[in-house]
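The values are calculated or read from the model by the stated rules, or taken from the named source; none is laboratory data. Everything quoted here is computed from the prediction, not taken from an experiment. Note that we place each Cβ from the backbone using ideal geometry, even for glycine, and neighbour counts take in every protein chain shown. Areas reflect the complete protein model, heavy atoms only, side chains present, ligands, DNA and RNA absent. Shrake-Rupley method; radii C 1.70, N 1.55, O 1.52, S 1.80 Å.
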Amino acid sequence: MLFKYQPPKDPYLDIVYYDDDILIINKPSGLLSVPGKGQHLSDCLERRAQKSFPNALTVPRLDMDTSGLMVMGLNKFAHRHLSLQFQNRNVGKTYFAWVYGNLKKEEGMIDLPIICDWDNRPKQMVHFKNGKPSQTKWHVIKKNKNKTLVRLIPITGRTHQLRVHMNELGHPILGDRFYAHDQALNMSYRLCLHATEITVMQPIKKTKITFKAPVPF
């Protein structure tokens with residue numbers, strides 16, 4: 001089945017917070033963070049933001065299928081400062097996800113190196129020889145008959161990290177069209193992964209601010 005890009009339009013731009021330096025937006029599932037290749041992939045969160053904030057530049061990206069909080073810098077200094085915060089792992093990030101099945105433990109740490117699966121891009125894979133170090137903390141929130149709600153805290157920020165790590169545990173995220181088996185894929189119309197909380201330092205005031213976005217699934 002060929003993928004057809006149909007980004008959601010309502011709300012067009014869900015602004016959580018802004019000041020002179022930073023912009024926090026709640027991105028919906030199905031919208032690209034930055035433009036893709038080709039005019040048909042030009043609609044994205046960054047370009048929508050730039051209609052109201054012309055200097056807005058994305059700092060970290062979220063996968064198209066992932067929803068939740070994204071940070072943008074509104075000037076060069078702020079963008080650089082925020083980028084360094086992410087690079088130096090000084091940003092607090094929390095995700096919620098529904099995963100397939102019930103985890104045996106209540107919490108844990110996944111430490112599995114990840115590399116691009118070049119033959120199946122944009123998919124990623126665990127590779128112990130050439131993969132980059134990747135760590136994710138997880139904690140069970142609640143369990144249902146055949147699914148579990150988990151809190152995920154990425155220590156590193158690799159592409160598809162949370163999706164790959166949960167799949168490697170044998171508990172793929174529901175609705176994951178890249179990694180989930182058919183049963184887990186069909187349990188949700190969307191990827192059940194949401195960036196629900198983020199803590200960053202305001203570049204000028206040097207104070208840490210925490211932002212939250214409710215889980216939509």
Report the relative contact order of the chain, percent, no decimals, based on alpha-carbon pairs under 8 angstrom and at least 6 residues apart. 19
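Charges only on Cβ, +1 for Lys and Arg, -1 for Asp and Glu: so what's the dipole of the chain about the Cα centre, in debye to the nearest 20?
On the way: 32 positive and 18 negative charges, 43 e Å.
Charge dipole, the chain, about its Cα centre: 200 debye, nearest 20.
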Segment 17-134, accessible area per residue, ligands and nucleic acids excluded (1.4 Å, Å²): 54
How many percent of the alpha carbon pairs in segment 103-195 exceed a separation of 19 Å? 38
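Per the 1.4 Å probe, what fraction of the accessible area of segment 1-132, in percent, lies on carbon and sulfur atoms? Don't skip to the end; give the middle numbers.
Numbers: 3970 of 7780 Å².
Ligands and nucleic acids excluded, carbon and sulfur reach 51 percent.
Helix-only mean residue ellipticity at 222 nm, the chain, DSSP H runs n ≥ 4 weighted -39,500 (n - 2.57), per residue, nearest 500. What is it?
Numbers: 4 runs with 32 residues, N = 217.
-4000 deg cm²/dmol, from helical runs alone.
At 0.36 nm per residue, and after removing the present C-alpha to C-alpha distance, how many nm does the segment from residue 183 to residue 144 gain when stretched out fully?
12.5 nm
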Taking all protein chains together and a probe of 1.4 Å, list 5, 189, 18 from the most accessible to the least accessible. 189, 18, 5
Relative contact order for segment 1-91 using alpha-carbon pairs under 8 Å, separation at least 6, rounded to a whole percent? 27
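How high is the relative contact order of segment 173-217, given as a whole-number percent (alpha carbon pairs under 8 Å, six or more residues apart)? Provide the component values of the computation, followed by the final result.
Numbers: 57 pairs, mean separation 13.1, N = 45.
It rounds to 29 percent for segment 173-217.
Kindly provide the trypsin sites (Lys or Arg not before Pro) of segment 95-144 that DSSP labels as loop, not H, G, I, E or B, and whose Cβ sees at most 12 other Cβ atoms within 10 Å.
Working: sites: 104, 105, 123, 129, 137, 142, 143; in loops: 104, 105, 123, 129.
Loop-located and lightly packed - 104, 105, 129.
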Taking only Cα atoms of the chain, radius of gyration then Dmax in Å: 17.2, 49
